[in-house]
Amino acid sequence: MLRFALLEAARLASSLIGAALMATAVASLSIPGAWHGFDPFLSRMAARLASVLSLDFGVSAVSGRSALLELIDRLPETLTLAAAGAVLAVAIGGPLGIVFGAGPVRRASAPLIQIVAAAPVFCAALALAWVAQRVFHWPVDVGGVGTKGPPLDFSSPAAAFKVLALPALTVGAAGAASIQLAIRSASAQVAREPWRDSLRRMGLSALEVERVYVAPQVAAGVFANVGELTLVLLSASAVAEWVFNRPGAAVLFVKSVALADWSMVALVLFAFAALKLAADFAGNVLARALSSPELGQ
């Protein structure tokens, strides 16, 4: 187990170095002349790498501030939104994945799951905004493109709930779909394993086999997809921040791409890549700790 964790740590370090080089290459596109050929691009990339090593990440075209300071100000909002969405995703997607993971239910629910999964996150966010305004009469700030919404207000639980509820539900719904899919896939894979019948023939009850052997294998399969879940949460955060006018880092990435602000794009891209790679590392280590390779022997 320790050897596996060390190998995963080495893979994480090498992946972070690769992500940093890729981000530097993207950031070098903001230097005049970088688009004139391969050699000019390499020279601009070398210059950008030198500035990055000195912690100079340029200026954001969105705000005119230092790109690093802009990311530091906006990243907590995205992380808060993603964390709240992750809690909802586990609370919703976990039970759904367990129910839909059963053999007969999995086959019967497949068309419904495909229809729901095909609905864009943007449409789900707009539907939530419509319900909040028409049914609950909440003042929802929708469509503030190009503006910066107010920061999260945690002065009271009610105020924080109204500000965070709709974006978190949007992110949580996307995350729940990812979690239930991971559980269904892991359950389907474990259901095909021959060791389940072997354990039953050894005298173990069906409940004991499911609890002691099957459940950890399914959990391992889910943890192995934590990196993909992180990408889903960050992608949904960009949609939720755009629709509900939240000043997060995810929507900053979208706006920076639209403005061709490659320095800001590269910095946000590296931050999100680091989050995804760290989630991959933690998920793979936990999956290895939960799995039992000897079952397949």
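Tabulated results
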{"read-out": "Search result, residues across the stretch 238-278 that are among the small types (Gly, Ala, Ser) and in contact with an Asp or Glu (Cβ under 9 Å, 6 or more places away or on another chain)", "value": "Gly248, Ala249, Ala250"}
{"read-out": "Flag for Val257 being assigned to a helix (DSSP H, G or I) and surrounded by fewer than 17 Cβ atoms within 10 Å (Cβ to Cβ)", "value": "yes"}
{"read-out": "Extreme residue, surrounded by the fewest Cβ atoms within 10 Å (Cβ to Cβ), among residues of the stretch 1-30 that are closer than 15 Å to Leu277 by Cα and charged (D, E, K, R)", "value": "Arg11"}
{"read-out": "Positions within the stretch 260-284 being small (Gly, Ala, Ser) and either more than 16 Å from Ala23 (Cβ to Cβ) or surrounded by fewer than 22 Cβ atoms within 10 Å (Cβ to Cβ) (or both), in sequence order", "value": "Ala260, Ala271, Ala273, Ala274, Ala278, Ala279, Ala282, Gly283"}
{"read-out": "Tally, over the stretch 64-93, of residues that are over 30 Å from Asn225 (Cβ atoms), among the small types (Gly, Ala, Ser) and without any contact (Cβ under 8 Å) to a residue 60 or more places away in the chain", "value": "2"}
{"read-out": "The stretch 185-213: number of residues that are modelled with pLDDT of 75 or more and surrounded by fewer than 11 Cβ atoms within 10 Å (Cβ to Cβ)", "value": "1"}
{"read-out": "Lone qualifier among Leu234, Leu269 - being modelled with pLDDT of 85 or more, under 22 Å from Ala82 (Cα atoms) and in contact with a Leu (Cβ under 8 Å, 6 or more places away or on another chain)", "value": "Leu234"}
{"read-out": "Residues of the stretch 66-102 classified as surrounded by 21 or more Cβ atoms within 10 Å (Cβ to Cβ) and acidic (Asp, Glu), total", "value": "2"}
{"read-out": "Condition met for Gly33 (touching a Lys or Arg at 6+ places or on another chain (Cβ under 7 Å) and either at pLDDT below 75 or surrounded by fewer than 16 Cβ atoms within 10 Å (Cβ to Cβ) (or both))", "value": "yes"}
{"read-out": "Where a residue in the stretch 166-193 is in contact (Cβ under 8 Å) with a residue 40 or more places away in the chain and its partner, wherever it lies, is surrounded by fewer than 23 Cβ atoms within 10 Å (Cβ to Cβ) and of a type in the set (Phe, Trp, Tyr), with Cβ under 7 Å and at least six apart", "value": "Gln180/Phe100; Arg184/Phe100"}
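Yes/no matrix, rows are residues, columns are (1) closer than 21 Å to Phe223 by Cα; (2) at pLDDT 70 or above; (3) in contact with a helix residue (DSSP H, G or I) (Cβ under 7 Å, 6 or more places away or on another chain):
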| residue | (1), (2), (3) |
| --- | --- |
| Gly94 | yes, yes, yes |
| Val99 | yes, yes, yes |
| Arg106 | yes, no, yes |
| Ala110 | no, no, no |
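Each row is one residue, and each column tells you yes or no for (1) assigned to a loop (DSSP other than H, G, I, E, B); (2) touching a residue at least 40 places away in the same chain (Cβ under 8 Å).
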site	(1), (2)
Ser198	no, no
Arg211	no, no
Val218	no, yes
Val222	no, yes
Gly227	no, yes
Leu231	no, yes
Trp242	no, yes
Pro247	yes, yes
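The values are calculated or read from the model by the stated rules, or taken from the named source; none is laboratory data. Quick caveat, the model's predicted, so the values are computed rather than measured. Ideal geometry is used to build each Cβ from the backbone, glycine not excepted, and the neighbour counts take in all protein chains shown.
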